[in-house]
Structure formats: C-alpha cells, structure tokens
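Before any comments, here is the structure.
The values are calculated or read from the model by the stated rules, or taken from the named source; none is laboratory data. None of the values given here were measured: they were computed from a predicted structure. All Cβ positions, glycine included, derive from the backbone under ideal geometry; neighbour counts span all protein chains shown. Remember, those area values only see protein heavy atoms, side chains included, never the ligands or the DNA or RNA. Shrake-Rupley method; radii C 1.70, N 1.55, O 1.52, S 1.80 Å.
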Amino acid sequence: MKSLYIECNMGAAGDMLMGALYELCDQKEKFLSDMNHAFTTYGVTLSAEPAVKCGIRGTHMKVTVDGNEEHSHDVLPEHILGQADIHKEGAQQHFHEHAHNEDTQQHLHKHTHNEDMQQHSHEHPHHHAHTSYTQILDQIHTLPFPSPVKDSVATIYRLIGEAESKVHHSTLDQIHFHEVGSIDALVDVTGCAYLLSMLAPETIFCSPVHVGSGFVHCAHGTLPVPAPATAELLKGIPFYSGDISGELCTPTGAAILKHFVTSFESMPPMNVTEIGYGMGTKDFPAANCVRVFFGESSAPSQSAPSYDDSVLSISCNLDDMTGEAVGFATELLLQAGALDVYTIPIQMKKNRPGILLTCICEPKNRERMTSLFFLHTTTRGVRYQVFDRAKLTSEIENRHTLYGDVQVKKSCGYGVTKEKAEFEDLKKIAADNNYEISLDQIRRMIK
C-alpha cells in the first residue's frame, strides 16, 4: 500500500509541510506553475528555495505577497515579564487609539506617551489581514484546481474557523481570520492539498507532534505555546512540549494534519523510496524541519487484498443512563457517520448492572465521535482500540421481479461472492400486495 509518514519532531507549519511534500513530487515545475498561476491576482509568488538546517539540506517554500514574506514572532517568558513591569510604572502611561479605514482595511495606530509631563505622539500605519470565513470560501471556490483539492482546502479552513470560534466564544460566521486568514496561509493549505492529490498516497501516518514552548505574538496579543486555536485543533492528536522555546506547530499546520492524517503513531514498517525535508525559517538547536517518508507499507499477505483497512473502536461503561438516553446517543453516533454502534449488558462495580456502549468508526472521525460520547452520555472517559479489518468489497445492483425492482447488495473478495436483497425493498413489495406473498417467494423471483 502506497503510504506517507510525516515526522513532526519539530512541529508542523504549512510551508514546512508543503516543502517536504514538494521534494517528493516528480512534477515540480507543473506544481509551481499551477500555484503561481492560481494566485497571481493576489500578488503572490511561490518559490522553492534550497535551505540547510544543522547540516541537513531541504526545501523552504517561500510565499511572498506583494514582495513580503510573513514570519511568526516568538517571545521568551522573561520578555513577557519585562513588558508587565514597564506597564506597571506610574511615571509612564501608554495609550492606543485605533482608527480603522474600512475601505483599505488599514489600521492607523496613534501612540501617546506621558513621560514626566512631556508628551509626544507619532503615527504609523499597520496592515492587518481581516478575512471572514465566507470570503475565504469564495476565494477557495474560484481557484483553478480539481474539486477534491478545493474541498480539502475548504474543510481545513472550517476546522480552523471552528477552533477560532470556540476559543473566542463566537460563531463561525462572526470569525475574522488573522494570521491563518492571510493569503500566504491559503497558499500553504492549497499547496499541501494539491501536492497530496498529485502524490495520491493510500494512507497517511504521522508521529506525535512537538509543539514547542514559551510564548508567541499574534493578532490577539501574546499567547502561550501552543496557541489556544492550535491546542483546540490538536484535540484527539498526541502532542508534547519540550526544551525548544518557540511556536513549532501553527494552527495551519495542525489543521492540515487533522484533515489528512489517518493515524498518529510510531512509524510503521515501510519500504521507503523517497524522503522529503521541508525547512522552516527559524533556527533552533535541532534541525527545524518536517521530514516525510514515502513508499510502500508492509505488504499484506497474498490472501489479503489491498482494500483492507483499519477501524477505530471507541467504548465506555455506563450504569446511570436510561435506555431511552442510550438509544438516543446510539442514533446520534450513527447519524454522525459511525460504521456501527452496539451495546452489551455488563456487570459493574458494586454489583451494578451496566451497559458497554461501543462505536466503530473511521480513525479520522475520532474527535467528532469522542465529543458525542461526552456530550450525550454520562461517561467521564472513553477507551480507544484500533483494529485491522479485512472486508469484502460491496456494490448495489438493481434487480427485477414481477412486483417491482429490488436492490441487491453484492459482495466479493477472498475467493467468495455473496448476495443479499435489501430487506426494506422486500418488505415494501409484501406490504403493497397485502402480505399475500412471503419474503422468500419475492427473493426467488429476483433475476
């Protein structure tokens, strides 16, 4: 199976992920040409530049907007304390007056200082990107890329928007993107989605994510690492801090991983054919890069076809819910995309009869299903298990009878073929004929 493994030992940012994937692409000129053509109206230039970190050579994807490249600003804890001390001093007061020009989206900051009765003021303009979620979607839908690429980009921005809205106690429609809403971030997200469509891996694995430590400057002020929106996006994803002071994982990087990665785990056995290095702009004691391995994962046995996959099992024990409430939770999990949901009667502590509630779903739906468990059941914890799954491939065929068409599910694989008529179709034909014909008689009529 063609597999991709992303190593995030130094976090993940959109440009770093794009750089690593770019190194794996065998259509580099086409990629750069298509990207620059798509974003030319925004004043964007995308270029692949050689970069070296700690002696390792890789690629930095430079995105410039009107000739400028964005950078994040990390802050050390002592810098924060120093600022706090300055603002506490009674002899110096610092005021900000904001004049917002709606037509040009330009903020004019006026600074007034009162220092020992001496006053002076100065003005300087700052450009800030304020883009609504609807505006982002409009931009995405006009891009000249295949629909699956644009759908992925839109989904990633929805993840970012939902995280931002939750952090700021707002709604998606009211959110105005700042760093992640700027055009350079849209280029990063689109570039990663387009490269992955060109590489077409069948499965994507990723290591736990190193997020860094300390503080970072952003549009809302100085925030701890990981920034609140990043932390929200990383829910359900294993991540850790470390000795590196700085923001290693950005909201854009976290959202890209959340959307595309099938499973976060140690690197599985792989026959690696290509390795890509995507370089960041900052320098740290460790090489600031995302490394991506591309190749074949361990070949399944000859009796196991390539369409086998893995499923996630989420379960919890319940002893204080009514049957109606458990049934309601079961329905919601199924509506949310669960592959199956079932209950088993169990005996719990203090001899209490209880229920084991289990949801089988795709690994990528882990966070959504976990949220439903906590919201609609009384559990305070859930358990995860990943199961390898062998399955038959299935398709629906329309078959004819004297009384009308019947849908038949045909499944095959492992040298086996099975067919089963849809029960609801059989039931409807029986009902339409006043139940004067049995289900077995209808089955025998199917051609």
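Figures for the structure shown
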item: Highest to lowest packing among 58-69, 344-355, 420-431, scored as the average C-beta count within 10 Å; result: 58-69, 420-431, 344-355
item: Positive-end residue, the stretch 336-434 charge dipole about Cα centroid, Cβ charges, pick of P353, F387, A421; result: P353
item: Exceeding the 18 Å Cα-Cα cut-off - candidates K166/K282; K391/K418; K28/K53; K28/K62; result: K166/K282; K28/K53
item: Solvent exposure of the stretch 198-245 as accessible area per residue, Å², 1.4 Å probe; result: 38 Å²
item: Charge dipole magnitude, Cβ of K and R +1, D and E -1 - the stretch 320-367, Cα centre, debye nearest 20; result: 320 debye
item: For the stretch 252-263, Karplus couplings with θ = phi - 60° (6.51, -1.76, 1.60), whole Hz, Gly/Pro x; result: 4, x, 4, 5, 4, 4, 4, 6, 8, 6, 7, 8
item: Euclidean distance between Cα centres, the stretch 375-447 to the stretch 1-65, Å; result: 46 Å
item: Packing rank of 325-331, 285-291, where each peptide gets the mean count of other beta carbons within 10 Å, highest leading; result: 285-291, 325-331
item: List D138, D34, ordered by accessible area with a 1.4 Å probe, largest first; result: D138, D34
item: Local electrostatic count at C361 - Lys and Arg +1, Asp and Glu -1, tallied over other residues with Cβ under 13 Å; result: 0
item: Residue-level accessible surface for I244, protein heavy atoms, 1.4 Å, Å²; result: 20 Å²
